[in-house]
Amino acid sequence: MNNSFPIRSEIPSQTVMTSEQSFFAVFCIEALADELGTTGDNVYRMLTENSSILDDYLVPCYDSLHTQGKDFIVRELKELMQQRGVWGGVLQ
């Protein structure tokens, strides 16, 4: 299992992030990976290559999202991923 993140030139995200936003994005990706039973690499691809959730939701909504708990954030991301067709699981 390779959990390494791509080097800068391979990153599909177009958003420039602060270090706090980057740490938050990694936290969200890993929390979501744990919840979905997959790797951080797979979740990263779902949020960037298969959708633009990282660029249009996670980073722009950082100020309000980072004040929420992990369960809330994971639930929100799963719902958004389902709406955008990048995850077909059951919401609980």
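The values are calculated or read from the model by the stated rules, or taken from the named source; none is laboratory data. Here the structure is a predicted model, which is why all the values come from computation and not from measurement. All Cβ positions, even for glycine, are placed from backbone atoms using ideal geometry, and neighbour counts span all protein chains on display.
Could you tell me whether E30 is part of a helix (DSSP H, G or I) and either at pLDDT 95 or above or in contact with an Asp or Glu (Cβ under 7 Å, 6 or more places away or on another chain) (or both)? So E30 passes the test.
For (1) at pLDDT below 90; (2) outside any helix (DSSP H, G or I); (3) in contact with a Leu (Cβ under 6 Å, 6 or more places away or on another chain); (4) β-branched (V, I, T), each residue gets a yes or a no:
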{"site": "F5", "(1), (2), (3), (4)": "yes, yes, no, no"}
{"site": "T38", "(1), (2), (3), (4)": "no, yes, no, yes"}
{"site": "N42", "(1), (2), (3), (4)": "no, no, no, no"}
{"site": "G85", "(1), (2), (3), (4)": "no, yes, no, no"}
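Evaluation of S9 against the conditions (1) assigned to a loop (DSSP other than H, G, I, E, B); (2) modelled with pLDDT under 95; (3) not acidic (D, E) shows that the sole unmet condition is (1).
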